1. How much length is gained on full extension from H61 to L11, taking 0.36 nm per residue of separation minus their Cα-Cα distance?
2. Rounded to the nearest percent, how much of the accessible area of the chain (1.4 Å probe, protein heavy atoms only) is carbon and sulfur?
3. State to the nearest 20 debye the size of the charge dipole of the chain about its Cα centre, where the only charges are +1 on K and R beta carbons and -1 on D and E beta carbons.
4. Provide the per residue accessible area, probe 1.4 Å, for the chain, rounded to a whole number of square angstrom.
5. Counting alpha carbon pairs within less than 8 Å and at least 6 residues apart, what relative contact order, in whole percent, applies to the chain?
6. Taking Cα atoms, how many degrees apart are the long axis of helix 22-32 and the longest axis of the chain, rounded to 10 and kept between 0 and 90?
7. Give me the three principal axis extents of the chain from the C-alpha atoms, as integers in angstrom, largest value leading.
8. From the phi angles alone, apply the Karplus equation (6.51, -1.76, 1.60; θ = phi - 60°) to the range 5-19 and give each ³J(HN,Hα) in whole Hz, x where the residue is Gly or Pro.
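The values are calculated or read from the model by the stated rules, or taken from the named source; none is laboratory data. A quick note: this is a predicted structure, and the numbers were derived from the prediction, not measured. Cβ coordinates were reconstructed from backbone atoms using ideal geometry, including for glycine residues, and neighbour counts include every protein chain displayed. Note: areas computed on protein heavy atoms with side chains; ligands, DNA, RNA excluded. Shrake-Rupley method; radii C 1.70, N 1.55, O 1.52, S 1.80 Å.
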Amino acid sequence: GGISVGSTDELGNEAVEDRFHVKRLHATILHQLGLDPNALTYFHAGLEQKLVGVEDSEPIHQLIS
């Protein structure tokens, strides 16, 4: 079982349709665990760091539905 989202070039080297950054995959996993990916932070080197990066990240809705 499983699903695929998007497509690659004919050699499979590079995504050409529905490209997603890995932080969106992390946001999807956290969302499925019932956590708000944009609210989770940790303290490192004197700064509050977000788990999904500086900018807000949305889950990949094609994987959820």
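1. Values: separation 50, 0.36 × 50 = 18.00 nm, distance 2.65 nm.
Full-extension gain reported as 15.3 nm.
2. 53
3. It comes to approximately 280 debye.
4. Value for the chain: 79 Å² per residue.
5. The value is 30 percent.
6. The answer is roughly 70 degrees.
7. Reported extents, whole Å, longest axis first: 46, 24, 17.
8. So the J values, rounded to whole Hz, are 10, x, 8, 10, 5, 5, 8, x, 7, 9, 6, 10, 9, 6, 7.
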